[in-house]
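Values in this text are rule-based calculations from the coordinates and carry no lab data. For clarity, every value in this text was computed on a predicted model and none was experimentally measured. Don't worry about glycine lacking a Cβ; one is built from the backbone with ideal geometry, like all the others, and counts go over all protein chains shown.
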Amino acid sequence: MKKNTQRPLRVVQVSDSHLFASTEGRLLGLNTEDSLRLVLEKVQREQTHIDVILATGDIAQDASEAAYTRFQQHLAQFHVPNYWLQGNHDITQPILNTLNDKTHLSPCVIHKDGWQIIMLNSSVEHEVPGNFAPNELQFLQQALSASTRSHVMVCLHHHPIPMDCAWLDNQVVANADAFWQIIDQFSHIKAIIWGHVHQESDRVRKGVRLLSVPSTCVQFKPLSDDFAIDDLSPGYRWLDLYANGDIVTQVSRVEGVKFVVDWSVRGY
């Protein structure tokens, strides 16, 4: 196999930071501000070059402008474009008030180096399960039809396939069948990535890479019937997107994040 020597497009994905208006806010006992800071410090140490940062939802736990503003300030240290999508805890208007740039919030398309990254909003405000509004599916169809000369990665918040985690799979995208009917029309889609599930996974469906990412805070235990917390540390995912469509990716986690689960605060 011929080695690909061209520098790839380096993407960093962070997800589910669950920040609060207060820097003392905790999710199930873990200070989410501190855990995000540790993850981003690891990104700084490990990533000498980043082309784009993707924030795949649940940026804030309380949908406060204070939380979104602080998140924006955290990402500003990298001096690279960053794009956000809404999670089930997020509300669009406070994000727009913070970003002041709708083109960096889903639905949107990032065009770079022979790739198109399509950001889709799978969330319904004030609801936990995912569902694509008709205009989101129409956006996807049009974006894919217009991008046939590029390689494509699609990003959403909710999982479009079951995770074999019974309690989480009640929150799968409700109209995932309509999503897959569109996806299956095209052969230039290389990957679909998402957040929400607070756990790492890497699968393939019809030649398309399917990837979930750890949270920057609390991790959920895979293959669990009931709500369960894992003892893995917070992390992020990096992806190298090559001009020939190849993808190299890995999850990286911080070390030593320990906390006592506070079951009296069922914040999720």
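What does the C-alpha gyration tensor say about the overall shape of region 121-268? Classify as rounded when a/c is under 1.5, otherwise prolate if a/b is larger than b/c, or oblate.
Here region 121-268 falls in the oblate category.
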Positive-end residue, the chain charge dipole about Cα centroid, Cβ charges, pick of A21, I229, P162: P162
For region 128-268, the dipole about the Cα centre with charges only on Cβ (Lys and Arg +1, Asp and Glu -1), to the nearest 20 debye, works out at 400 debye
Across all directions of projection, what mean area in square nanometres is found for the Cα convex hull of region 28-150? 8.6 nm²
When the dipole is taken about the Cα centre of region 11-253, and only Lys, Arg (+1) and Asp, Glu (-1) are charged at their Cβ, what size is it in debye, to the nearest 20? 720 debye
Which net charge results for the neighbourhood of A178, defined as the other residues with beta-carbon distances under 14 angstrom from its beta-carbon, given Lys and Arg at +1 and Asp and Glu at -1? -3
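Based on the alpha-carbon gyration tensor of region 194-262 and its eigenvalue square roots a ≥ b ≥ c, which shape applies: rounded if a/c is under 1.5, prolate if not and a/b is larger than b/c, or oblate?
Oblate shape, in that a/c is at least 1.5 and b/c is the bigger or equal ratio.
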Between their Cα atoms, which of K221/K258; K102/K258; K42/K258 are more than 26 Å away from each other? K102/K258
Count the DSSP beta bridges whose two residues both fall in the chain, then state the antiparallel fraction as a percent rounded to the nearest 5. 50 percent
Convex hull volume per residue for the chain, taking Cα atoms only, in Å³: 126 Å³
Run the numbers for D113 and D184: contour at 0.36 nm per residue of separation, minus the present Cα-Cα distance, in nm. 23.2 nm
Excluding V197 itself, what net charge comes from residues whose Cβ is under 14 Å from its Cβ, given Lys and Arg +1 and Asp and Glu -1? -4
Between region 150-177 and region 40-109, what is the separation of their alpha carbon centroids in Å? 21 Å
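Once you list every other residue whose beta carbon is under 9 Å from the beta carbon of S252, what net charge do they have if Lys and Arg are +1 and Asp and Glu are -1?
It works out to a net charge of +2.
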